[in-house]
Structure formats: C-alpha cells, structure tokens
1. Look through the range A:816-873, keep the residues that are of a type in the set (S, T, N, Q) and touching a residue at least 12 places away in the same chain (Cβ under 8 Å), and return whichever of them is farthest from A:Thr514 (Cα to Cα).
2. Which of (1) under 16 Å from B:Asn21 (Cβ atoms); (2) touching a residue at least 24 places away in the same chain (Cβ under 8 Å); (3) not polar (S, T, N, Q) is the odd one out, the single condition B:Leu56 does not satisfy?
3. Which residue is nearest to the other protein chains (Cβ to nearest Cβ), if the candidates are limited to the range B:27-40 and must be crowded, with 17+ Cβ neighbours inside 10 Å and in contact (Cβ under 8 Å) with a residue 12 or more places away in the chain?
4. Taking the residues in the range A:831-843 that are buried (at least 17 other Cβ atoms within 10 Å of the Cβ) and under 26 Å from A:Leu740 (Cβ atoms) as candidates, determine which candidate is modelled with the lowest pLDDT.
5. Just give me the residues in the range A:804-830 being surrounded by 16 or more Cβ atoms within 10 Å (Cβ to Cβ) and over 30 Å from A:Leu677 (Cα atoms), in sequence order.
6. Exactly one of these conditions fails for B:Tyr76: (1) part of a helix (DSSP H, G or I); (2) surrounded by 14 or more Cβ atoms within 10 Å (Cβ to Cβ); (3) of a type outside the set (Lys, Arg). Give me its number.
7. Just to be sure I understand, how many residues within the range B:74-86 are under 14 Å from B:Cys24 (Cβ atoms) and more than 9 Å from chain A (Cβ to nearest Cβ)?
Amino acid sequence: MTREKFKNPPKLAEWILSCVYPDRGDFTSVGDFREEYLEVYQSSGRLKANLWYWMQIVKSIPGFIRNKSHWNTVMIHNYLKIALRNIKRHKTFSFINITGLVVGMTCSILIMLFIQYEISHDRYHENADKIYRVLIRQPNDIYQGIDMYSISPPPLKAALMNAFPEIQNAARILRTEGLINYKNNRYLESRFFTVDPEFLKIFTFPLTAGDRETALNEPFSILLTEEMAEKYFGDEDPMGKTLNIDNTYDYQITGILRNIPGNSHFQFDFLGSFSSLYPIYGDYGDRFFEDWNAYQVKTYVQLHSSSDTGEFNSKFPVRLEKYRGRPTNDEIYIQPLTNIHLGGNVNDEIEANSDIRYVYFFSAIALLIMLVACFNYMNLSTAGAVQRVKEVGIRKVVGASRHNLVYQFLGESLLFAFMALFFSLWLVKLLLPAFSSLIEKELSFQVFNNIETFSGLLGISVLVGILSGSYPAFFLSSFLPVNIIKGKLISRKSLNKSSGFRNTLVVTQFAISTVLVICTIIIFNQLQYIRTKELGFKKEYIVTVPIQDENLKKNYGPLKYELGQYSKIADVTVSNFLPFSVENSQAVDWDGRPEDGPDFRYLCVELNFLDFYGIELAEGRNFSNEIATDVERAYILNESAVRVVGWEDPIGKRFRCQRNVDGQVVGVVNNFHCHSLHRQIEPLVIFLFDDSGWWDVRYFSIKISSEDISGTLALMEEKFEKFSPYPFSYSFLDERIDMLYRREQKLGQNFGYFTFVAIFIACLGLFGIASLTSGQRTKEIGIRKTLGASVSSISFMLTKEFMKLTSIGIIIAFPVSYFAMHEWLKNFAYRVDIGWIPYIGAVLITVLLSLGTVFFQVFKAARANPVDSLRYE
Amino acid sequence: MKFLSRPEELVLLAVWRLKENAYCVPIKKQLVKSTGHDWSFGAVYDPLDRLEKKGLLESYLSDPTAKRGGKRKRIYKLTPNGIMALIEIKTITDEVWDGIPLKVLKEEL
C-alpha cells in the first residue's frame, strides 16, 4: 500500500489540472493522467514521471490562456455595449450619476492635492530624514500659550557638535530685515537670512550659479534667489556684483539660488554669510557668538546617517545647563525637519505652520463628500434595478452564473467611475488656479508626471467604482429567474430589503449634509461674532507704522509735530505693542505677591495712548503730564490684573515692575482684548516710557480722517521718508486684527464651499430617486386619481415619504454637529453660544432644498392624467 | 456523410479495436503503437469529443478504480452510425488505393 502511495503524481500539479478542467465533472481526465503517470513511473522512474506530468501542464498554458481571454473579451464587449446602451437610454440617471461622481471626485482630488502639498513640505532635501531643528523649552516663559521656542543661543551649535558625535553638520540661521540697495533700486527686505556655511550642506536648495561649498565662507558674501536677482538686476548678471545693505555694508554676490519652493517651512530671499556678523556687531561680535542669553538664532543639525535617528531622538530632551554652565530651567528638544510644517506652531516660527489636524479634517471632508457621491450611485442603480430585471433574468437563463453578473455590474460602476475621473481631471485643471488662490498655496497638478498621483487617482476611481457598485451588483444578481419569469419580478422581501437599504443611504446623505450645514452656520456665526465684538478700543481709521529705524525714534518729536500740522491727521502715538496683541511680559511685584505669582503683560506707551485708542478707565485717573512722577512711578492695570492681585481698592497701592522703581497704581482700565479672542484677557500693566524706554517702542499709531485716505498716506510717506532712509510701510489696524483670524476665515470659506458641494450631490440623488419612484408608481397614482384623490393629496403622500427620510437625517445630524462644533469653539476663549438658530437655519435650508428637489417630480406625477397611465391595463 | 479528419478516423478505428476497454489511456497507447508518433492527451480528447458530438461515438462512465486515484473511466463505444462510418471509410480507402502496391511508390523515391 505504501508503495502505491508514492506513485501518486505531485499533488499541486494534479490540483492545477483539476482546476482547469472544471467542466469534466468527475475529472475522468485527471484519472487518465494519473494512469499514464503510473506507467511512466514504472518504466522510467519517479523523477521522469514528475517531469512528464509538469510538462503536460506547462504545455497546456498557452492554449488555456487563449481560450479564456477569447471568451472574456467577447463578454466584456457585450457588457460594454449593454452599459453604453443603458447610459444612452436613461439619460437623466446617467447624467445624475456621473455629475454626482464628477463633483465628488473633483472635490476629493482638490483636497487630495492640498493634503499632498501639505505633507510634501521639506521632504525634497536629500537629507530630509536626517535633519532636525533644535527647540528650546522655556518653562518660565509662556508666550501665546506655548513654552517651546525655535530660537536658541549662538554657542549652542558648537556645544551640540561636541556632545553628539552623530551630528555631521549644524547651521545657525539669524533672520533679520535689511534695506537693500543696488543702483538706487532700494527695498526693505524682510526675508534676509544670515547663515553658517553648513546651511547649504544641510539643505539642498539648488544653486543656478556659484559654488555651494565656498559661497558662504567669506564675510559679506551673499546669495539671492532668482526672483530677487530679477528684481534688482533685471537682465544684468548679478554674480560678483555688490549689494549695499542698510546703507552701511557692501555684500558681494557669490551665488544664485533657485526660487525657494512654496512647500518649505521657511522662506527667504537672501542668504548672507554668518562670518559677516563679526564686523557688523563690532565689539559685541565676539561676545555674541558666546552669548548664552542671545536667544536669536535658529539651529538645525544633520546626522551622519539615518540609522542614528532613533538613538539620537531618545537622548532628548537635554537640560541646557549641561552646556551653559549656569543654572537654568531651559531644556533642549529636537524636532525632525519633516514634522515641522504639520507640527503646529512653536514660538518664533519663520512662517506660520499648518497643523496635522487640518489635514485630518480635510481628509474627513473629502471622504464624506466621496461617500455622499457613492451613495448616490448605489441608490440610483438599486432603485433603477427594476428596469434591468429582465436582462438579469435572461442572462441567468442563458447560463450566466451569479459571479458573472456581479462582475458585469461592478464593471459598469467602474466604467462610470472612470468616466467621472476623466471629467473631473479636466475640471480640476480648470479649478486649480481658483482653488490655489482660495487656500493661498501654489498647488500644481500633473497627472502623468507623478506616478504617485497617477496611481492615487486610479486607486480612488477603482475604490469609488467598487464601493458604489458593490451593493447594486449583489442586489441585481440576486434575482431568481424563476420569479422573473413567473412575473413576480422581484420577491417582495428583497424589494423591501433594498428600499430599506436605499432609505438608509438617503438618511446618511442628509445627515452628512446637515452636519456640514450646521457646522458652516456656526463657524460663520463665530466669525461674525469676532468681527463685531467690541474689543474695548477704537480700531477704525488707524494707520500703524512699524519702526525699523533708530532715526525715526530720534526724530519722533519733529516728525510728530510735522504730522500734526496736517488737518487730516488727528493724533499720533507710539507704543511697544499695538493694543490688540500685547505679547511680552515682565516680572512684577506688589505687596503680598506670592512666590510663584504670574508675570504681567505690559504696554509701554506715550502719554496720550489711552485717549488715542479710547480705552476707558474703570476707576482712578489717566496719566498726566502735570504730575512729574508719572513717567517713572505711575501704573495703570487692567481689571484682570486687579482680580489676580485681589485688591478691593487698587488705587494708590504700591506696584513695581522690572524698572526697579516702586510706583503706585493710579488707575484701572476696563478689560480690553489685548490678545486675539482665542485667549482670555490676561493681566496687563500699562506705564509710560521714559527716555531709556525708547528701545522698546515698536509702533507708531496714527489716527486719520476718513476723507482722502490716499492723500493722507502720501503725505505720511513723504514725512517719514524725510527722517528715515527706509521705505515707508504701513498697515491699517483693523486689517491687522482681521489677520489674527485668517485661518478661521479660510476654514469657514472652504467649509462653505464643500458644504455646498455635499448638499448639491445629496439633492441630485434625491432628485433621481424621486423621479424613479414616482415613475414606478404611475399606475398606483392613476388608480388613486380615478378613485377621487386630488393632486394635492397625492403630492402630499409622495412628498411625505421623502421628508421622513430627510427629517431622520436631520435629527441624526444634531448631536453630531453639536459635539464637533463644541470642540472647535473651545479654540476661542470668547465664543458664541451655539444656541438654536444654526439648527433652525439648517433645518430650513435642508428641508427647503429637498422639498424643492422632489417637488417637480412629485407634482409632475400627481398631475399626470390617469388615462395615460392606465390605458394599457 | 461528411468526411472525417485523419485523427478522427484513427481514433474511431482505435475505439472499435479496443472494444470494452476503449477509454482514453489505451486509445492513446493504441494510436502510438500504430502510428509510431507520440500522441498527447489533448490530441486524443479533441477527436473523441468531436466524434461524440457527431453521433459516431457514445460514452459511459465506469466504476472508479484505485489505480486512477478514485476517478472513473469514460468508456467509449461505437454507435451504429460509427460502424457505418468505418464501413464507408474502409470502402473508400480500398477503392482509392486499389491496384497501387507499396513497392511501386517506394521505387519512385
């Protein structure tokens, strides 16, 4: 017996054989082969026999493939023909289906491009995975709610290089402004980096001219981008030319950089050599490079090999005092380059970063919109199934198996998906410029150059095709030919099941749309609230001018006098911060201050500041020029400060800040919003600057009349440029305040658009369903009408069913949107109550839209003459 | 009646010769023996199927045997039409070959 067993042919080969002969029932051929195998075995041994058996299979492959593919093409050809015929015959549905998918896909592709762009930040550097940014955590100095800083002291670079042998290169970046001049082509440039020579080794920004190894070695070497070369030199070749900076230093151009791509977490136009700082700082030069207090440079490090990253990561955070020698609480952290852009903001970012949460958020929207579009397709194809029952029956009778039919219908939905992809690619091309300006990023879209995008798009359409085709395919293929022939068409049970499924889809669609509508309304409410909220100071017709130049501070007296001569200028004042964004804080002291009492924000202002901004006093008095001691000893607090201190009657109390002079509280101002509305109003102290306080002054505020603004601005430009070599730059206070909420405004706008799209698709689907079902019920309607039903009662009956679905969707949407928006509003310390209005608004919008959508179909069906529908019975 | 192809003719004849034992493996063996060429199973299945469709052969399944791994044999049998076909082939062949001795052909080489 055991000998017999060995004579069996290889199991695998036999299995393959039995697979390709499925029609030979009990596989007599497999038996034939086995017998022959036995004979070969007996005559020539096992090896030969096995070989023979396998050869038989190999030889049969070409024929097998030819046979299979021939029949498959025949069937695909047939499926395609039927699909195209169906598209042609049911134009409305095909149109609705494709439109829904196109709109959904277009949105998703746009969002996908945005996400791809966000993720691509900084990844194009050769060493991207080995580059880290050094962060310093200063637990004692929380600024804008964050204690992480991207700036570090200059000597840290050498200290890190010594302490961590895995670091290959390290570079420091000092970001400054510079007044750049070439042959009277004079601009104030704010994107001026002074960097170590290693900068060009760590970051592989390409050079179009110059040698990246040596370009930054010499003092007063400078590189500039192509854009800047064009701006200053036009057609001239800038290499080797000299740029004058701040009217003092001559830099020689040693290289041209290709323009910095938009997806970089820092943007710059000029790279000056770090060694220039020695001569520029003069006496301070040597000290600056050793100054552990000069938190001014950004430090980036690059490791030797990417295999070190895990270990390197685990060594941080490190306490700064290890290197500094003096005790400090500061800690050194590192952040991988590729995490910077999506890691949210730390303090002193060069460009505002994005947040991974926004990427998730938009992915979710893309997914929802895509789902709504897919549901549409499922819904319409399932509802339209009745029209294809006969086709399915015939196919089954002729011998199609269920999986043939599933393939057919899946193929059909794939066809739709690919048609939709084709249209949406075209639409994306068309919309991309508008979308780019909407989100303020330069997106580019090349389908065929980028294999990832290409396969991503294919993937999406296949997924959409399969997702939207799956249910119709299984539903349609489940019909029993017996029932169809009996005239029952579809069994009652499966019909109910399918309409239940369809209803669920409609409910989900409307739930999603309503959630989006409610969210949009709440976001817009909050934005409206922000815009109109009383900030506690005046913000209209105030021009702010940042002070870049010491000359302006020196000549403030004459400048203010000359400006004051002009009737359209009402008043001028200076301060260290503008009242909407007071950012620095100081240690303060009062009688009975606990050890760990908080620092206070401070405003260092001119005498007329409170009047200028119309900030009202709650008690006490304003600063006065008649009281000589006010300059050094008078303090005005805000109500939050008084609450923190806990005084019942603050006037006259001893108070002191870093100025080392004891003073008194002379007044208390009403709380005004000295930060964005994201944050609570923090304790604030206001005092006058003395002559030594001038270094802290950063802004002019100029109140102008509402008439002839451009004339006033021209006059101001003339006056300012008289005292300063810098070009005059200004902004309006209310615009600057709006900038604080830019991100939210963009979010609101984008949300609005995508909501519109989602609703549009959902209504499209509802329209399709309404016309289908009312079409199927023409006979019922006809009979009802002959029995005396009125147009209105029939309309009501039909509408009622759709409204039921919409209402359930809306009800589901309520809690979901409430929780989502509750979370979002937590970003704001000052926010609207969600209240009932957004919900009522959303209900109105959704109900009216869906009513409007179904109305025509329903009305048409109800108006139809029963004679037409019953004539053939 | 239509002419049969050469392989069909050979297979039909082999089935007649093998009588009760006419299933694929012996048919193949018989063909190899009488033609001197190697025949693959496919080359045998195809004519068998075609002959069966033309109504010259009929087939039935035998009981499974251990030797074949528990698979049945499909045993073929000539139908009356099959026998008629053989008779016709034999007649025509003899007719056309009449008076042509092999020796004469070989001499012309």
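The values are calculated or read from the model by the stated rules, or taken from the named source; none is laboratory data. Quick caveat, the model's predicted, so the values are computed rather than measured. When we count neighbours, we look across all protein chains shown, and the Cβ atoms used for this are built from the backbone with ideal geometry, even at glycine.
1. Step one: list which residues in the range A:816-873 are of a type in the set (S, T, N, Q), which gives A:817, A:827, A:846, A:850, A:853, A:857, A:865, A:869.
Within this subset, residues satisfying the condition of being touching a residue at least 12 places away in the same chain (Cβ under 8 Å) are A:817, A:827, A:846, A:850, A:853, A:857, A:869.
Numbers: A:Ser817: 8, A:Asn827: 23, A:Thr846: 7, A:Ser850: 11, A:Thr853: 16, A:Gln857: 23, A:Ser869: 37 Å.
Going through the qualifying residues, I end up with A:Ser869.
2. (1)
3. Step by step, filter the range B:27-40, then rank; the result is B:Lys28.
4. If we take residues in the range A:831-843 being buried (at least 17 other Cβ atoms within 10 Å of the Cβ) and under 26 Å from A:Leu740 (Cβ atoms), then A:Ile834 is modelled with the lowest pLDDT.
5. Residues satisfying the conditions are A:Leu805, A:Thr806, A:Ser807, A:Ile808, A:Gly809, A:Ile810, A:Ile812.
6. (1)
7. Of the residues in the range B:74-86, 3 are under 14 Å from B:Cys24 (Cβ atoms) and more than 9 Å from chain A (Cβ to nearest Cβ).
Each row is one residue, and each column tells you yes or no for (1) part of a loop (DSSP other than H, G, I, E, B); (2) of a type in the set (Val, Ile, Thr).
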{"site": "A:Asn86", "(1), (2)": "no, no"}
{"site": "A:Ile96", "(1), (2)": "no, yes"}
{"site": "A:Thr99", "(1), (2)": "no, yes"}
{"site": "A:Ser108", "(1), (2)": "no, no"}
{"site": "A:Phe114", "(1), (2)": "no, no"}
{"site": "A:Glu126", "(1), (2)": "yes, no"}
